[in-house]
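Accompanying notes for the structure given below.
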Amino acid sequence: MALFVLHRNHTHASKMGHIITFKKGDPTYVPPECRREVLQIGAISVDSDGAVDLLDPEKVEVLPISAEDRQEQLLAAFALLEERNHRRDFTGQGLPSLTALAGIIDFEVAKKEVEDLWRAYREEKGSE
């Protein structure tokens, strides 16, 4: 159940058609589709005990990704980087930039892993 508290009395008319009436300091139920809107007006999420949840945002458990999936996603990212060919997508050595890769893939990657896979990617592409 999504409870939020606001520092003032306020009635919020959402774009989804919901009317949410906040009373200063009282936890109020907010439908999931309205969460972003009430956050934008300054509402703060509270947990089930009524404690304000300022320092402990929702923790999302990251599932481990298999080596094959990592390679697959990195190879697709390499192809995308080559296709768009932006200036900052590659380092001075011609390797894909870790910053550019971070904007495409959803896991952290080591420089050594990128170097090795990039070399294999270029060799395979050259043999075609």
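The values are calculated or read from the model by the stated rules, or taken from the named source; none is laboratory data. All values reported here derive from a predicted model rather than from experimental measurement. Methodologically, a virtual Cβ is constructed for each residue, glycine included, from the backbone with ideal geometry; neighbour enumeration extends over all protein chains shown. Surface areas here come from the heavy atoms of the whole protein model, side chains and all, with no ligands, DNA or RNA. Shrake-Rupley method; radii C 1.70, N 1.55, O 1.52, S 1.80 Å.
Tabulated data for the structure shown
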| item | result |
| --- | --- |
| Among Tyr121, Leu74, Val46 the positive-end extreme of the charge dipole of the chain (Cβ point charges) | Val46 |
| Within-11-Å neighbourhood charge of Gln71 [Cβ basis; K, R +1; D, E -1] | -4 |
| Helix 111-127 axis, angle to the chain major axis (alpha carbon atoms, nearest 10°) | 50 |
| Accessible area expressed per residue, the chain, with surrounding protein chains retained (probe 1.4 Å, Å²) | 74 |
| Fraction of accessible area attributable to carbon and sulfur, the chain (%, probe 1.4 Å) | 51 |
| log₁₀ of I(q)/I(0) at q = 0.16, 0.25 Å⁻¹ - segment 70-128, Debye sum with one point per alpha carbon | -0.43, -1.11 |
| Rg/Rh ratio calculated on Cα atoms of segment 1-50 (Kirkwood radius) | 0.91 |
